[in-house]
Amino acid sequence: MAEVKVKKETNLSDATEVENRIKQLCQQFPHGITDQVIQNDMPQLEPQQRAMAINKLLSLGQLDLLRNSSGLLYRMKDVQSASKMKGSDNQEKLVYQVIEDAGNKGIWSRDIRFKSNLPLTEINKILKNLESKKLIKAVKSVAASKKKVYMLYNLQPDRSVTGGAWYSDQDFESEFVEVLNQQCFKFLQSKAELARDSKQSPMVQRNSSFATSHEVWKYISELGISKVDLSMDDIETILNTLIYDGKVEMTVIAAKEGTVGSVDGQMKLYRGVNPVIQPTGLVRTPCGLCPVFDDCHEGGEISPSNCIYMTEWLDF
């Protein structure tokens, strides 16, 4: 005979059981629960009992009371956040939580207003207060130079906010990118020349002319031409521009697990090449070589209308 599992009903006459069940629901839904969630889980519970249990948990500091576009939310209080926000009112806690949820990409004040349903004047006041306590910080975004995003004070901004290694104080470092282009190509060229001078068979020469992105990264790091720490992804971005320029070709080979420079059992290899014929003007459009192509849009800091490279290309 099959075993029948019977769901244990919550003893709604015991206030402690109700409080524990509400805390369990909050743990199941870390972003918060509404009154409706509690009602659906415990339909036999009287509204007065529910209110008493919630008020007790709030008074004990075990729950946070928040407000969003759908109404009131109850959320388990984070002990670490609670110590930081000691003495703050519920509105300040709500704004802090919205900023915390945004992570290292940050959030605009307009979006904070939408998620918190607080007046803009009140939000500005709270933001200044949180900044003075060094709980949050404002970071200028390369996507919109006149706008700031807010994030927790101890977070390192995402590359999409700062622009990564290619930006300094929101200015695109075109000269720095050009120097990196030249040095990466120089390294691959020298490796290809050494392979040709080896007087070995053509196939051996070709294979030995390839270099991994890790080798190129190591060479650039040892040169000391960068004031910021460049990642392998940064170097591969530069190598990609050289590929679009027709100066470098790439191939992918299988690699053993744990091999330096390999990803998911594969490794990218690069080598300098001499183009057989010069590419046409259309192939050499600056957009195809631009490392900040994704950030380029009309009305932005980087746009086609103020691109000097586009102007020069159109004059060819």
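Brief remarks on what is shown
- Qualifying residue in region 158-166 (condition: basic (K, R), at pLDDT 85 or above and under 30 Å from M232 (Cβ atoms)): no
- For L57, the test of being in contact with a Lys or Arg (Cβ under 8 Å, 6 or more places away or on another chain), assigned to a helix (DSSP H, G or I), at pLDDT 80 or above and buried (at least 16 other Cβ atoms within 10 Å of the Cβ) is passed.
- Total residues in region 257-291, condition of a type in the set (A, V, I, L, M) and modelled with pLDDT of 80 or more: 3
- Residue tally, condition open to solvent by less than 100 Å² (accessible area, probe 1.4 Å) and at pLDDT 80 or above, over region 1-28: 12
- Whichever residue in region 194-231 is part of a loop (DSSP other than H, G, I, E, B) and among the small types (G, A, S) and, among such residues, is nearest to V263 (Cα to Cα): S231
- Condition broken by K140, with the remaining ones in (1) in contact with a strand residue (DSSP E or B) (Cβ under 6 Å, 6 or more places away or on another chain); (2) in the same structural domain as D245 (by the TED database); (3) among the charged types (D, E, K, R) satisfied: (2)
- Taking region 103-114 as the range and being in a helix (DSSP H, G or I) and open to solvent by 30 Å² or more (accessible area, probe 1.4 Å) as the test, the residues that pass are N104, K105, S109, R110, D111, R113, F114.
The values are calculated or read from the model by the stated rules, or taken from the named source; none is laboratory data. Owing to the predicted nature of the structure, the values given are computational and were not obtained by experimental measurement. A quick note on method: Cβ atoms are made from the backbone with ideal geometry, for glycine too, and the neighbour counts reach across all protein chains shown. Remember, those area values only see protein heavy atoms, side chains included, never the ligands or the DNA or RNA. Shrake-Rupley method; radii C 1.70, N 1.55, O 1.52, S 1.80 Å.
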